[in-house]
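The values are calculated or read from the model by the stated rules, or taken from the named source; none is laboratory data. Just so it is clear, the model here is predicted, and its values are computed rather than measured. Quick reminder, even Gly has a Cβ in these numbers, built from the backbone with ideal geometry, and neighbours come from all protein chains shown.
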Amino acid sequence: MNDLTLIAVRRRAPRLALAALISALTVLPALSAHAQDNASDNSSWRPNRFFLQVGAYDKVQSIDAGLAWLTGFERHWGDKTLNIVTTSQVGRWYLDRDARYDHKAYWHVGLTPALRLTWPGESRFHVEAGIGLNIVSPVFHTTEKRFSTAFNFGDHLAVGGLLFGPKAGEWSLRFQHFSNGNIARPNPGQNFVQVRWSQAL
């Protein structure tokens, strides 16, 4: 293994380790809950919400659809509840129509576990933070920036709540950043400000 390879591994290790840790926290509680319920209760694996999401930033727009589910992990801090919520999604990124690009639309697929802290009450206000694994294809580029890999991490922060009760719609306002964690360069990253609307299944 040469020096350049060692440097690349050291740079990517913290982000890869964090993603692996969050993924483990997502899977292990679900397996535990599944075993305790005698393998007949698959609630930890069943999606409980469907969502639509739109976003925009720096001349790029996005639209996504996906599913969200709880993993079985739950902790209580006073009257607040901490959960791990996992989402899977597929969508499209669009560039300005007037600009001249090789590609004006890109496919996006993602899987993201996130920690969510929820307050009590009818609104179920929550804050959320997560990091997930994403593929953007073909490799994303504009006239100002160029990704070097189709694989990217997606970090997000979100706030939101329920409207009209637990079986009705949930809104969230989100900020998300995509980059490859310096696995390869250039790595300019792409941000989005997003609005998500989800419905209980």
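Summary table below
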{"item": "Where a residue in the stretch 173-201 is over 15 Å from Phe140 (Cα atoms) and its partner, wherever it lies, is part of a loop (DSSP other than H, G, I, E, B) and among the hydroxyl-bearing types (Ser, Thr, Tyr), with Cβ under 7 Å and at least six apart", "result": "Ile183/Thr149"}
{"item": "Subset of the stretch 50-60 that is touching a Leu at 6+ places or on another chain (Cβ under 8 Å) and assigned to a strand (DSSP E or B) - its residue that is modelled with the lowest pLDDT", "result": "Val60"}
{"item": "Qualifying positions in the stretch 99-144 - more than 25 Å from Gly160 (Cβ to Cβ) and of a type in the set (Lys, Arg)", "result": "Arg100, Lys104"}
{"item": "Any hit, the stretch 26-49, residues being assigned to a strand (DSSP E or B) and either modelled with pLDDT under 95 or crowded, with 16+ Cβ neighbours inside 10 Å (or both)", "result": "yes"}
{"item": "Residue match in the stretch 172-189 (condition: surrounded by 15 or more Cβ atoms within 10 Å (Cβ to Cβ) and in contact with a Pro (Cβ under 7 Å, 6 or more places away or on another chain))", "result": "no"}
{"item": "Any hit, the stretch 120-128, residues being of a type in the set (D, E, K, R), at positive phi, in contact (Cβ under 8 Å) with a residue 40 or more places away in the chain and surrounded by fewer than 18 Cβ atoms within 10 Å (Cβ to Cβ)", "result": "yes"}
